[in-house]
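Let me begin by presenting the structure, written as structure tokens, before commenting on it.
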Amino acid sequence: MFGVTTSDDYQPVTWVGRHPVHVTLLLVGVHVLLMVLTCFLLAFGAAGFLSLIIFDSAQVISLGRVWQIVTYAFVHVPSGMGLLWFAFEMYMLFVFGREVERFIGSRAFIVLYALLLSVPTVFLTIAGLWTRLGVAGSITLHFGVFVAFAAIYPQAEMLLRIQAKWVALVLAGIGTLAALAAHDWASIIMLWATIATAVAFIRLRGIGPELVWWSDLKSRWQPKPKFHVVPRSAPRRTVEPENVHESIDPVLEKISKQGINSLTASERRALDRARTRLLKKSQ
């Protein structure tokens, strides 16, 4: 249910007047501020500084600039329709990030954001041992936030009443096909590492539909007990009626009508018990 806080950890980081500032809004503010700063750097010819913080696998491996694993996402180059797309990206981060933060809590959301920020570029660094790869911007990062939202609310209806899980799948497919056509292996690695990180984080917290196939697979591989202990049932005590004749009269009547061969095993045992009791009484 959107707009409803489901985590006890959903607390504001600070307040601006009477308005609370949560982690999602703070992240939007940081990205906007750095985008403005990037515009000024480019305007005054300080573009060389950006090359120090844009992710470049060769620089990370050879020069040890490991900070690029996280700083790449805060470089927003305002080229062409870049600013318009950036505005749309920030709006999506605010809308879906706020819902994810409400559901899992502020601290968990910070962990999720940090993982989405760093895990894909760690994979790029490993792939960079074979070929040089680079990336800048936060589009894939914030798509990961939407994937986390879709993992929490897969049935949520969006534009044209299409469910969130299908929107995420379609966008992932479009991004993959576009990257394949351009031989952009960095984008493919970033995209699917981001998707896997978002879904795994949400599922490992026990959120979302139950993975029945995974539970069945684990049950098959778990060792089965060699012995099955069956609790021993307490023997039932047969309560004999006080009047022997009353208990045996129906059996005798059946014998007179249908013969002794018509008696069942239980009726034969009842007849034997009655005979034994009568013999004891006569002695």
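Of everything in the stretch 100-124 that is farther than 18 Å from ILE195 by Cα and assigned to a helix (DSSP H, G or I), the residue that is least open to solvent (accessible area, probe 1.4 Å) is SER106.
Applying the selection to the stretch 183-201, what residues are open to solvent by less than 70 Å² (accessible area, probe 1.4 Å) and out of contact with any Ser or Thr (no Cβ under 7 Å at 6 or more places or on another chain)?
Filtering the stretch 183-201 down to residues open to solvent by less than 70 Å² (accessible area, probe 1.4 Å) leaves 184, 186-191, 193-201.
Listed by number, the residues that qualify are ASP184, ALA186, SER187, ILE189, ALA193, ILE195, ALA196, THR197, ALA198, VAL199, ALA200, PHE201.
Every condition in (1) part of a loop (DSSP other than H, G, I, E, B); (2) closer than 22 Å to THR125 by Cβ is met by ILE207 except one, and the failing one is (2).
Contact map, the stretch 163-190: first residue in contact (Cβ under 8 Å) with a residue 24 or more places away in the chain, second residue aromatic (Phe, Trp, Tyr) and open to solvent by 80 Å² or more (accessible area, probe 1.4 Å), Cβ cut-off under 7 Å, separation 6 or more or different chains; pairs are ILE189/PHE123. Please indicate, with yes or no, whether at least one residue in the stretch 131-152 is open to solvent by 30 Å² or more (accessible area, probe 1.4 Å) and free of Cβ contacts under 8 Å to residues at least 12 places away in the same chain. No - not one qualifying residue is present in the stretch 131-152. Kindly check whether there is at least one residue in the stretch 238-246 that is modelled with pLDDT under 70, closer than 30 Å to LEU117 by Cβ and among the acidic types (Asp, Glu). Scanning the stretch 238-246, I find no residue that is modelled with pLDDT under 70, closer than 30 Å to LEU117 by Cβ and among the acidic types (Asp, Glu), so the answer is no.
Within the stretch 49-77, how many residues are in a helix (DSSP H, G or I), in contact (Cβ under 8 Å) with a residue 12 or more places away in the chain and either polar (S, T, N, Q) or open to solvent by 20 Å² or more (accessible area, probe 1.4 Å) (or both)? Residues that pass the stated criteria total 9.
Look at the stretch 159-188 and say how many of its residues are over 28 Å from ALA136 (Cβ atoms) and among the aliphatic types (A, V, I, L, M).
Pass one, the stretch 159-188, residues over 28 Å from ALA136 (Cβ atoms): 159-163, 165-166.
Checking the rest, the ones that are also among the aliphatic types (A, V, I, L, M) come to 159-160, 162.
Selection size over the stretch 159-188: 3.
The values are calculated or read from the model by the stated rules, or taken from the named source; none is laboratory data. Just so we're clear, the structure is a prediction, and the values are computed from it rather than from any experiment. Methodologically, a virtual Cβ is constructed for each residue, glycine included, from the backbone with ideal geometry; neighbour enumeration extends over all protein chains shown. Quick note on the areas: whole protein, heavy atoms, side chains included, nothing else; ligands and nucleic acids left out. Shrake-Rupley method; radii C 1.70, N 1.55, O 1.52, S 1.80 Å.
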